[in-house]
């Protein structure tokens, strides 16, 4: 049985990280989300064409953050426990520039135990700082579910106050066909885990084939909100939260259901053919 070692986790010094990027990286990220599928769409072109932008979706910050490679370091103390992304909260402190360099250092917020026969929960936080100005750009908080690793003796995770979807018809529904090569494109933004590219590996992991990156689905939802509620202005987003509830397969059509209540927006993403909710409890806070 793989179990984390809380003492090792508490003593571990997480390494700093730094990333430089250009407008090409911004455009490649947007293409990985499927933007530009209609090459004459004047609303989407600014995200994928440097002469008209490029506009930067706030969720681009997720590919600038810590890749968390140190999670597999034996000194960290997870013991090799497999993990999946549980949820992601992104606080945008100021608009992400179209090119530049960022630095940051992740801290472990908490390691929690759901008990014997269940899972562990690891929560981390990473603030991205613009290297040129020294100003904070964004803060990411991630939850990783350590599959089958419960029973190591830490505290239970705190009760989550997840957003509740309004009980009415959505104000907007935004559909997008995920290109069949989307995962192969999105991985070029930095996540090369082979479950997104290798059919045999994905089937061995229990899936029908390679799955789309969860953060790609997160980015698709972010663009849907920007298009439906922000007049295509990505700088209107102040905070973006979503809980990953099921995988997405490249080639599927996604539908984002959106409710707006003042400066708060709630959303849910479905894989339409399967009627499977793939992101739930989504909430967005707009800037004043």
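The values are calculated or read from the model by the stated rules, or taken from the named source; none is laboratory data. It should be emphasised that the depicted structure is a prediction, and the values quoted were computed from it without experimental measurement. Note that each Cβ is placed from the backbone with ideal geometry, even for glycine, and that neighbours are counted across all protein chains shown.
Scanning segment 118-131 for residues that are more than 18 Å from residue 71 (Cβ to Cβ) and at pLDDT 95 or above yields 127, 128, 129, 130, 131. Within segment 100-117, the only residue that satisfies the criterion of being more than 21 Å from residue 67 (Cβ to Cβ), touching a strand residue (DSSP E or B) at 6+ places or on another chain (Cβ under 7 Å) and outside any strand (DSSP E or B) is 114. Sort through 149, 202 and tell me the only one that's surrounded by 19 or more Cβ atoms within 10 Å (Cβ to Cβ), within 27 Å of residue 66 (Cα to Cα) and either modelled with pLDDT of 95 or more or more than 22 Å from the chain's Cα centre (by Cα) (or both). The match here is 149. Selection within segment 78-99: residues that are in a loop (DSSP other than H, G, I, E, B) and at pLDDT 95 or above. The member of this set that is surrounded by the most Cβ atoms within 10 Å (Cβ to Cβ) is 96.
The condition (being over 25 Å from residue 143 (Cβ atoms), in contact with a strand residue (DSSP E or B) (Cβ under 8 Å, 6 or more places away or on another chain) and outside any strand (DSSP E or B)) is satisfied by just one residue among 221, 227: 227. Against the list (1) modelled with pLDDT of 95 or more; (2) surrounded by 14 or more Cβ atoms within 10 Å (Cβ to Cβ), the condition residue 107 fails is (2). Hey, does segment 19-26 have a residue that's farther than 20 Å from residue 222 by Cβ, touching a strand residue (DSSP E or B) at 6+ places or on another chain (Cβ under 6 Å), part of a strand (DSSP E or B) and touching a residue at least 40 places away in the same chain (Cβ under 8 Å)? Within segment 19-26 (the criterion being farther than 20 Å from residue 222 by Cβ, touching a strand residue (DSSP E or B) at 6+ places or on another chain (Cβ under 6 Å), part of a strand (DSSP E or B) and touching a residue at least 40 places away in the same chain (Cβ under 8 Å)), the answer is yes, since at least one residue qualifies.
Restricting segment 124-140 to residues that are without any contact (Cβ under 8 Å) to a residue 24 or more places away in the chain and either part of a strand (DSSP E or B) or not assigned by TED's automatic domain parsing to the domain that holds residue 83 (or both) leaves a set whose member that is surrounded by the most Cβ atoms within 10 Å (Cβ to Cβ) is 127. On the given criteria, is residue 35 touching a helix residue (DSSP H, G or I) at 6+ places or on another chain (Cβ under 7 Å) and either touching a residue at least 40 places away in the same chain (Cβ under 8 Å) or surrounded by fewer than 22 Cβ atoms within 10 Å (Cβ to Cβ) (or both)? Yes.
Comparison of 221, 236 shows that the only residue that is in contact (Cβ under 8 Å) with a residue 60 or more places away in the chain and closer than 24 Å to residue 47 by Cα is 221.
From the list 203, 270, the one residue that fits, being in a strand (DSSP E or B) and not assigned by TED's automatic domain parsing to the domain that holds residue 88, is 270. Selection over segment 230-241 of residues that are touching a helix residue (DSSP H, G or I) at 6+ places or on another chain (Cβ under 7 Å), part of a strand (DSSP E or B) and over 14 Å from residue 258 (Cα atoms) gives a count of 1.
Please enumerate the residues belonging to segment 41-72 that are closer than 25 Å to residue 244 by Cα and either not assigned by TED's automatic domain parsing to the domain that holds residue 26 or not in a helix (DSSP H, G or I) (or both). Result: 56, 57, 65, 66, 67, 68.
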